[in-house]
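The values are calculated or read from the model by the stated rules, or taken from the named source; none is laboratory data. Computed from a prediction, not measured in an experiment: that's the story for all the values here. Virtual Cβ from ideal backbone geometry, glycine too; neighbours counted across all protein chains shown. Each accessible area value is taken on the protein alone, full model and side chains, heavy atoms only, with ligands, DNA and RNA left out. Shrake-Rupley method; radii C 1.70, N 1.55, O 1.52, S 1.80 Å.
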Amino acid sequence: MARDFSTVGVIGLGTMGAGIVEVFARNGFDVVAVDVDDAAVERGRTHLQHSTDRAVSRGKLTPEDQAALIGRATFTSDLGDLRDCQLVVEAVPEQLDLKKEIFAKVDGIVAPDAVLATNTSSLPVTEIAVATNNPKRVVGMHFFNPAPVLKFVEVVRTVVTEDEVFEDVTGLAQRLGKQPVVVGDKAGFIANALLFGYLNHAVSMFESRYASREDIDAAMRLGCGYPMGPLALMDLIGLDTAYEILDTMYKQGRDRLHAPSPIIKQMVSAGLKGRKSGRGFYTYAEPDSSQVVTDPLTPRPEGEDGVEKRQVSRVGVVGSGTMATGIVEVFAKAGYDVVFVARSETKVEAVQAALTKSLEKAVQRGKLTEEARDEALRHVTGTAQLDDLRDVDLVVEAVVEDLGVKRALFENLDEICKPGAILATTTSSLPVVECAAVTKRPQDVVGMHFFNPAQVMKLVEVVSTVSTAPEVVATVQDLCAKVGKHAVTCGDRSGFIVNALLFPYLNDAVKMLEANYATADAIDTAMKTGCGLPMGPFELLDVVGLDVALAIQRQLYLEFREPGFAPAPLLEHLVTAGYLGRKSGRGFRTYA
Ligand SMILES: NC(=O)c1ccc[n+]([C@@H]2O[C@H](COP(=O)([O-])OP(=O)(O)OC[C@H]3O[C@@H](n4cnc5c(N)ncnc54)[C@H](O)[C@@H]3O)[C@@H](O)[C@H]2O)c1
């Protein structure tokens, strides 16, 4: 018979524990909330008060329900008060010895059939279980941060967990309105195993000053639709907790990509633990606040950087594909005169037609007035002659992703364009400096990596090579702002910010599937409901195209020679078999 849970205990009332107390109390459970001393207990109580105050002020909870919810929680620093709990969830710091010690103690306090759960993110649940006299009743119950919001729970089943126990816990998670997935006892389980490689990589980008914290975070929010950037997420998770998780994952898998970036340890040692201490990668108004305040790393407001910008009023675009057409539209709508160059008159007409159609759609959706559409079209001239770019102030090329073709084009642009004109490439994977090197003006060559569809996606990665002049970067950043885009700036490395962070994570998901640790559905659910990502990795791979993903991953592997970046064999095989995703009707899933 299934257990009837009515009173539950939570040990550790920090970032996670306080949220877990709220989850149970909201769902009608009596909760015994335990922390180590009076001050910590008080902090847990205040957290519950503030969190439910916010729910009341947003109209999501009535004051009566709030009072009842808080009334269901008893706060104490005495573990003995857990004696009547049918389930205890432990959420103390991510340290194995501490957890084992607590489990051994609680084992002697609660009834013999009570379930003991750990919220560990990475430690071996089996080892924690064997610290008790009855390891069969121990499971992992891994909530996600913030626990009251995120719907995902990983129920970790060890080789000794009794069937009934994990069934009861899974049922309980469902009663809490969560989507549980049962997983085996492997460091990081599904979500963290995939998330933390990405977070660690983002930290190393910041540490090596490849890009600023604001730019790394904006890139992932605007380029991938993530709810928050990786560094802001590290601050939310807590840098001490993140360090322990990475360290455990590294020790279990020996994957260098999980070896915590050195700066994490330095920050933890200095007390910069993230939001909970008021300072991490960002500075917050006070400990436990989500409000970011300015600090010495905050970028200076526009125009105060002291760099002269060049005048840009006429823009050239080379190419006739999806990206080129979108880029023409972006500039034309913002009032710039645009000359676009296609390889033949037929292609010129095709771009004009596509542009007109796209603007017409915007009018029909009420996003553009008819006058604005006509005005935009008046700004655009199409030509099949590259020479017509002689008096533009900036050219963006969006021709085929082939270095030979791009280099030949840059040689021509260098001869044709007036001195001082900026030459930009929208390449997503080729080294920008290779284009710069064939010109006599490498200082004027820069990357402007637009995202598809360019009309919609706000992000542009501005790629500065070793030769790019600061004023060229400043001009392009300024231009992006003027056409309604958000520029992030980075160095000339394969994958820039977004692809370098995104594709290794997708590749890791394929490796996890290949290792039969979880199904594609479970992995997609974990990343969507546990991490709030807009799509799961397999959904996204099928949309992007497996061939495209493989090509990018190969490029990253070649550039960084990082063994962990080697493309997953399963990805290679699917591409060989012609299973390329939606476009071929079959990828990780089959489409009608
Ligand atoms: N932070 C996250 O995003 C996240 C997400 C999911 C799971 N987890 C896991 O949850 C657990 C807790 O992490 P956290 O981020 O909430 O840590 P935290 O540092 O914010 O909170 C830990 C709490 O445990 C208390 N504590 C310490 N020793 C104790 C003891 N002996 N008895 C009772 N309480 C004690 C501390 O006073 C503190 O309130 C870890 O296992 C972590 O891996 C964390």
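Do we have ALA147 as small (Gly, Ala, Ser) and either within 19 Å of ASN27 (Cα to Cα) or open to solvent by less than 20 Å² (accessible area, probe 1.4 Å) (or both) here? It is true that ALA147 is small (Gly, Ala, Ser) and either within 19 Å of ASN27 (Cα to Cα) or open to solvent by less than 20 Å² (accessible area, probe 1.4 Å) (or both).
In a helix (DSSP H, G or I), aliphatic (A, V, I, L, M) and either more than 11 Å from the ligand (Cβ to nearest atom) or at pLDDT 95 or above (or both): does that describe LEU61? For LEU61, the condition - in a helix (DSSP H, G or I), aliphatic (A, V, I, L, M) and either more than 11 Å from the ligand (Cβ to nearest atom) or at pLDDT 95 or above (or both) - is not met. Considering region 44-56, and only residues there that are within 16 Å of VAL10 (Cβ to Cβ) and among the β-branched types (Val, Ile, Thr), the residue that is nearest to the ligand (Cβ to nearest atom) turns out to be THR46. So, in region 216-232, exactly how many residues are open to solvent by 30 Å² or more (accessible area, probe 1.4 Å) and either within 15 Å of the ligand (Cβ to nearest atom) or in contact with a Cys (Cβ under 8 Å, 6 or more places away or on another chain) (or both)? Of the residues in that region, 2 qualify. Residues in region 17-29 include none that are at pLDDT below 95, open to solvent by 10 Å² or more (accessible area, probe 1.4 Å) and not hydrophobic (A, V, I, L, M, F, W, C).
The lone criterion from (1) surrounded by fewer than 23 Cβ atoms within 10 Å (Cβ to Cβ); (2) touching a strand residue (DSSP E or B) at 6+ places or on another chain (Cβ under 7 Å); (3) assigned to a helix (DSSP H, G or I) left unmet by ASP547 is number (2). Only one residue in VAL41, VAL36 is open to solvent by less than 70 Å² (accessible area, probe 1.4 Å), within 12 Å of the ligand (Cβ to nearest atom) and more than 22 Å from PHE144 (Cβ to Cβ). Which one? One residue alone meets the criteria, VAL41. Could you list all residues from region 82-106 that are part of a helix (DSSP H, G or I) and either free of Cβ contacts under 8 Å to residues at least 60 places away in the same chain or more than 9 Å from the ligand (Cβ to nearest atom) (or both)? LEU82, LEU96, ASP97, LEU98, LYS99, LYS100, GLU101, PHE103, ALA104, LYS105, VAL106, listed by residue number. Criterion applied to SER313, SER290, SER320, SER269 was being of a type outside the set (A, V, I, L, M, F, W, C) and under 25 Å from the mean Cα position of the chain (by Cα), and the one residue passing it is SER290.
Hey, does region 167-177 have a residue that's away from the ligand (no atom under 16 Å from the Cβ), modelled with pLDDT of 95 or more and part of a loop (DSSP other than H, G, I, E, B)? Checked against the condition, which is being away from the ligand (no atom under 16 Å from the Cβ), modelled with pLDDT of 95 or more and part of a loop (DSSP other than H, G, I, E, B), region 167-177 yields at least one hit.
Restricting attention to region 493-527, report how many residues are in contact (Cβ under 8 Å) with a residue 24 or more places away in the chain, among the charged types (D, E, K, R) and in contact with a Gly (Cβ under 7 Å, 6 or more places away or on another chain).
Matching residues across region 493-527 total 1.
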